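Notes for the one structure printed next.
All of the numbers you see were taken from the coordinates with simple rules; none came from a lab. In this text the structure is predicted, and so the values were computed from the model without any measurement. Cβ: placed from backbone, ideal geometry, glycine included. Neighbour counts: every protein chain shown.
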Amino acid sequence: MYSPATELLELEELSSVEFLDSLKAGELAEVVLLRPEGGAMECNPSSVMDSEVLEDERTSRRQTRYGAAILKDPSDPYHPLLKEFSDDVSDDPPSILPPDRGVRHKIDLVPGTK
């Protein structure tokens with residue numbers, strides 16, 4: 001007896017490495033993900049597909065991890081390092097670049113040298 005599910009079960013199964021390689025090479029036209037019915041994993045399509053939601057989550061995690069939160073959390077492994085060099089960075093950075101003084105530093109490269 002033929003059913004659409006039978007056709008899906010006959011598709012080629014790829015390992016995660018093979019899948020990523022095929023995806024990067026542009027060799028995949030369609031992807032089918034089979035998961036057990038009633039499983040613990042629930043899929044919320046709006047958060048999976050909405051790039052703004054994902055960007056907001058990533059941005060907030062990045063800000064929490066690398067922002068001023070590190071300076072406020074002594075248990076963070078980077079806290080001592082940031083405290084050591086905190087006087088090297090201005091609390092009030094300039095809003096514009098300094099004026100051009102006409103001095104240009106450059107290194108002349110000579111072909112064939114290392």
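Things worth noting here:
- Looking at region 68-111, the pairs of alpha carbons with a distance over 11 Å make up 78% of the total.
- Set of lysines with alpha-carbon distance to K72 below 29 Å, sequence-local pairs under 8 removed: K83
- Rough spin-label spacing in nm, given labels placed 7 Å along Cα→Cβ, for R104 and D21: 4.8 nm
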